[in-house]
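A.B. asks: I am attaching a structure below and will ask some questions about it afterwards.
The values are calculated or read from the model by the stated rules, or taken from the named source; none is laboratory data. Keep in mind it's a predicted model, so treat the numbers as computed, not measured. Ideal geometry is used to build each Cβ from the backbone, glycine not excepted, and the neighbour counts take in all protein chains shown.
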Amino acid sequence: MLGFDSSVWIMFDIIQLLDNQTDYISSENLLFLLGYSNITQVKKLCKKLQDDIKKCYTEKEMTLVINKRHGIRLLRHPTCSFQDLFNLILSEDIAYCIFKEVLIQRVVSVKELRDHYFVSFSTIKRKVKEINNTINNYDLHITVSHQLKIRGKESTIRCFSFFILFMMHRQLSNIPWIENKEKYFNLAKQISHSLNLNFTFVQEEILGLQLFICCSAIERNYSFYFKEMKFPFIKDIDFPAKPDFLTDWNNEEWYFLLLMVHNSNLSNYTIPLGFDNLYTPELEHDYKLWIALFEKHVAPFDDTQAEFIYQNFIRLYLGSFFFKIDQKLLLSFPGIGFKIKEHAQPYFFTQVQKLWYDFSEQCGTWAHNHFEMQSVLLCQYLLSAKRLLPKINIYLYTDLSDLFLEHIKNGINSYFASKYNIVFVNKPEESDLIVGTTKYPQTASSMYQHQILIQGLLTQQDYQHLVEIIKELLIHTKESNL
């Protein structure tokens, strides 16, 4: 992917797996968790990671222990990031060098590239072909002759450049080859001051990177025009005036920067753009559709959150005119990968998948690509942690006192707090499970309900019986929903 050697992505996955271990793991078990590759390659790449970690960190900061008897274990200080390691791994691949030169310079001498990075023409040609296999999906293409040239819409080149550099480095200050970083940090501070936004240092880092990309293009006379990208809403959006200190920028460059920052939805920017005059039937239809499907499959919608959700839809919709991020590409980068853990949240996983399936069948094409992940995040935002869990309705009865009844409720709630949303109902017919301290009378309706007898003081056997019967309930629920 992106022309990088497969070993790069395997190392990223190995790092993620090792960072999720709290003890030693054998290379065989690591391979099993990885789910692909082979034992020889896994051992070889773990050794390389060990060497790379030694280059990037002190032993107190991070170390990868490889022990023939115990296995492999990654030890990382709480204040230590993987970013330096990621930078090293990426920078050793010629694909990174090609991106670094072509995305900023736009035109690069092949001879200079060969001499500087000590690679052959055939290697460059092969790497460019592999890179094109990915970037052609975004209507970008690198041509190879005596020069490398990137072709595509200016808006796409800039957005793709930001995407690649942000995903690889996360901050402007993490990119070692950018000269005069202070220039872009100072510009970010000036823009923050002119818009009365008081950016945090993280926001200045991201804006500084976006400014580096835009300034680099403007300095090389690669101008941007909204007409080229067929963006139909420029007159419907109210923009703050361009600051006087951006002397080399025209209004369209300024508007593009503001929309790029706004649409990225990174680091909680609040860019003062006015959308009161913006109306598109497609956006309105898909927003209302998503809300309706959320209520159908997940939970009742809280109207107080409507503005927040709508603003997210605006960002995603407008962003689709600039650069449509592929979800597969997005999830491949370290530290960003977001996956629903079906085993941890099976009920939530099932319902969100239903929402997405129905939505993707009926929505506009703009909402495909990485919107599935955004849809999951929006669902999680709208729900409390407890509501993400599968709901189990229990009718609880006892021949003991009310105090014992509350004691049993507390015991069940505490035991299952992180696994299920336990709701105690007042009527047996409303329940999924009948739980009591004495035998329940057999009736026509109760014959088809799950029942369990417990002790007044819950025992481990009682808890184990509850675990088993709830699992059975969920299996039946899942099967009935198929």
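A.B. asks: So for segment 266-279 (the condition being assigned to a helix (DSSP H, G or I) and in contact with a helix residue (DSSP H, G or I) (Cβ under 7 Å, 6 or more places away or on another chain)), does at least one residue qualify?
C.D. replies: No, segment 266-279 has no match at all.
A.B. asks: Still on this structure, I have one more. From the list LYS60, LYS68, which residue is under 30 Å from LEU30 (Cβ atoms) and either in the same structural domain as PHE256 (by TED's automatic domain parsing) or in contact with a His (Cβ under 7 Å, 6 or more places away or on another chain) (or both)?
C.D. replies: Exactly one of LYS60, LYS68 is under 30 Å from LEU30 (Cβ atoms) and either in the same structural domain as PHE256 (by TED's automatic domain parsing) or in contact with a His (Cβ under 7 Å, 6 or more places away or on another chain) (or both), namely LYS60.
A.B. asks: When you scan segment 236-248, do you find a residue that is of a type in the set (Phe, Trp, Tyr), more than 30 Å from PHE359 (Cβ to Cβ), in a loop (DSSP other than H, G, I, E, B) and in contact with a strand residue (DSSP E or B) (Cβ under 9 Å, 6 or more places away or on another chain), even just one?
C.D. replies: yes
A.B. asks: Pull up segment 280-321, narrow it to residues that are acidic (Asp, Glu) and in a helix (DSSP H, G or I), then point me to the one that is nearest to GLU372 (Cα to Cα).
C.D. replies: Once the filter is applied, the top-ranked residue is ASP286.
A.B. asks: Given the conditions (1) within 28 Å of ILE475 (Cβ to Cβ); (2) over 17 Å from the mean Cα position of the chain (by Cα); (3) among the aliphatic types (A, V, I, L, M); (4) modelled with pLDDT of 85 or more, and given that VAL352 satisfies all but one, which numbered condition is not satisfied?
C.D. replies: (2) is the only condition that VAL352 fails.
A.B. asks: What pairs come out if I take residues in segment 234-256 that are on the phi < 0 side of the Ramachandran plot and pair them with residues that are in a strand (DSSP E or B) and modelled with pLDDT of 95 or more whose C-beta lies under 9 Å away, six or more apart or interchain?
C.D. replies: Nothing qualifies.
A.B. asks: Checking LEU75 against (1) under 28 Å from CYS214 (Cα atoms); (2) free of Cβ contacts under 8 Å to residues at least 40 places away in the same chain; (3) surrounded by fewer than 16 Cβ atoms within 10 Å (Cβ to Cβ): exactly one of these is not met. Which one?
C.D. replies: Condition (1) is where LEU75 drops out.
A.B. asks: Of LEU64, LEU33, LEU2, LEU49, which residue is out of contact with any Lys or Arg (no Cβ under 6 Å at 6 or more places or on another chain), surrounded by fewer than 18 Cβ atoms within 10 Å (Cβ to Cβ) and either over 27 Å from ILE94 (Cα atoms) or aliphatic (A, V, I, L, M) (or both)?
C.D. replies: Testing whether each residue is out of contact with any Lys or Arg (no Cβ under 6 Å at 6 or more places or on another chain), surrounded by fewer than 18 Cβ atoms within 10 Å (Cβ to Cβ) and either over 27 Å from ILE94 (Cα atoms) or aliphatic (A, V, I, L, M) (or both) leaves just LEU33.
A.B. asks: Step by step: first the residues of segment 93-129, then only those that are crowded, with 16+ Cβ neighbours inside 10 Å and of a type in the set (D, E, K, R), then the one that is farthest from the chain's Cα centre (by Cα). Which residue is that?
C.D. replies: Across segment 93-129, the extreme among qualifying residues is ARG106.
A.B. asks: Only one residue in THR280, THR270 is in contact (Cβ under 8 Å) with a residue 24 or more places away in the chain and surrounded by 15 or more Cβ atoms within 10 Å (Cβ to Cβ), so which one is that?
C.D. replies: THR280
A.B. asks: Something else: For the condition modelled with pLDDT under 95, touching a strand residue (DSSP E or B) at 6+ places or on another chain (Cβ under 9 Å) and within 21 Å of ILE213 (Cβ to Cβ), what is the one hit in ILE164, ILE175, ILE142, ILE135?
C.D. replies: That would be ILE135, the only listed residue that is modelled with pLDDT under 95, touching a strand residue (DSSP E or B) at 6+ places or on another chain (Cβ under 9 Å) and within 21 Å of ILE213 (Cβ to Cβ).
A.B. asks: Could you list all residues from segment 386-405 that are free of Cβ contacts under 8 Å to residues at least 12 places away in the same chain and not in a loop (DSSP other than H, G, I, E, B)?
C.D. replies: Of everything in segment 386-405, those that are free of Cβ contacts under 8 Å to residues at least 12 places away in the same chain and not in a loop (DSSP other than H, G, I, E, B) turn out to be ASP402, LEU403, LEU405.
A.B. asks: State the number of residues belonging to segment 183-211 that are more than 24 Å from the chain's Cα centre (by Cα), assigned to a helix (DSSP H, G or I) and not small (Gly, Ala, Ser).
C.D. replies: Residues in segment 183-211 being more than 24 Å from the chain's Cα centre (by Cα), assigned to a helix (DSSP H, G or I) and not small (Gly, Ala, Ser): 9 in total.
A.B. asks: Filter segment 202-217 down to the residues that are more than 15 Å from PHE162 (Cα to Cα) and surrounded by 14 or more Cβ atoms within 10 Å (Cβ to Cβ) and list them by number.
C.D. replies: Those that are more than 15 Å from PHE162 (Cα to Cα) and surrounded by 14 or more Cβ atoms within 10 Å (Cβ to Cβ): none in segment 202-217.
A.B. asks: Filter the helices (runs of 4 or more DSSP H) completely within segment 1-69 down to those with at least 3 residues that are in contact (Cβ under 8 Å) with a residue 60 or more places away in the chain.
C.D. replies: Qualifying helices (runs of 4 or more DSSP H): 6-19.
A.B. asks: Do any strands (runs of 3 or more DSSP E) lying entirely in segment 71-172 carry at least 1 residues that are over 20 Å from LYS328 (Cβ atoms) and among the charged types (D, E, K, R), and which ones are they?
C.D. replies: 71-76, 147-151
A.B. asks: Assess whether ILE237 counts as being in the same structural domain as THR350 (by TED's automatic domain parsing), aliphatic (A, V, I, L, M) and in contact with a Phe, Trp or Tyr (Cβ under 9 Å, 6 or more places away or on another chain).
C.D. replies: Spelling it out, it is not the case that ILE237 is in the same structural domain as THR350 (by TED's automatic domain parsing), aliphatic (A, V, I, L, M) and in contact with a Phe, Trp or Tyr (Cβ under 9 Å, 6 or more places away or on another chain).
A.B. asks: For segment 135-152, give me each residue that is within 17 Å of SER122 (Cα to Cα) and of a type in the set (A, V, I, L, M, F, W, C).
C.D. replies: Those that are within 17 Å of SER122 (Cα to Cα) and of a type in the set (A, V, I, L, M, F, W, C): ILE142, VAL144, LEU148.
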